[in-house]
């Protein structure tokens, strides 16, 4: 059996995911389990604006459009940076900024910096 990477939730990402309606929340969990196993999520796009290696899982449901931003390039874990519901076509500056700050926090923590 392949070794699955641990998921590490950054900031409020886990609590934010729990606020998703049931079906998008289940889909996000399934997609993240694929990522843990080294597989691709079904619908994703790169989001290097946040940080190199960042990806965005795209979930569409009758209740809305949801996103899970994560980075899986590090050997030790999949870091879930931000989970949110999209309200517009483009990802808001606020959501990009949250993910960017959390990405920097992961990189700094890995380097042993506060």
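What fraction of the DSSP beta bridges in the chain is antiparallel, stated in percent and rounded to the nearest 5?
About 80 percent, rounded to the nearest 5.
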The extension gain from residue 19 to residue 94, computed as 0.36 nm times the residue separation minus the Cα-Cα distance, is 25.2 nm
With 0.36 nm assigned to each residue of separation and the Cα-Cα distance removed, residue 65 to residue 26 gains 12.7 nm
Protection proxy (average C-beta count within 10 Å per residue), highest first, orders 79-87, 37-45 as 79-87, 37-45
Residue-normalised 222 nm signal for the chain, counting each DSSP H run of n ≥ 4 as -39,500 (n - 2.57), nearest 500 deg cm²/dmol, is -11000 deg cm²/dmol
Fraction of alpha-carbon pairs in the chain farther than 19 Å apart, rounded to whole percent, equals 41
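Viscosity 1.567 mPa s, temperature 4 °C: Stokes-Einstein D of the stretch 41-86 from its Kirkwood Cα radius, in µm² per second?
Translational D for this selection: 118 µm²/s.
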Descending packing, highest mean Cβ count within 10 Å first, for 23-29, 66-72 is 66-72, 23-29
Between residue 33 and residue 101, Cβ-based FRET efficiency (R0 35 Å, step 0.05) works out to 0.85
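Below 8 Å between Cα atoms, with a sequence gap of 6+, how large is the relative contact order for the chain in percent?
Rounded, it is 27 percent for the chain.
We did not get these values from a lab; they are worked out from the coordinates using the rules stated. Computed from a predicted structure; not experimentally measured. Virtual Cβ from ideal backbone geometry, glycine too; neighbours counted across all protein chains shown.
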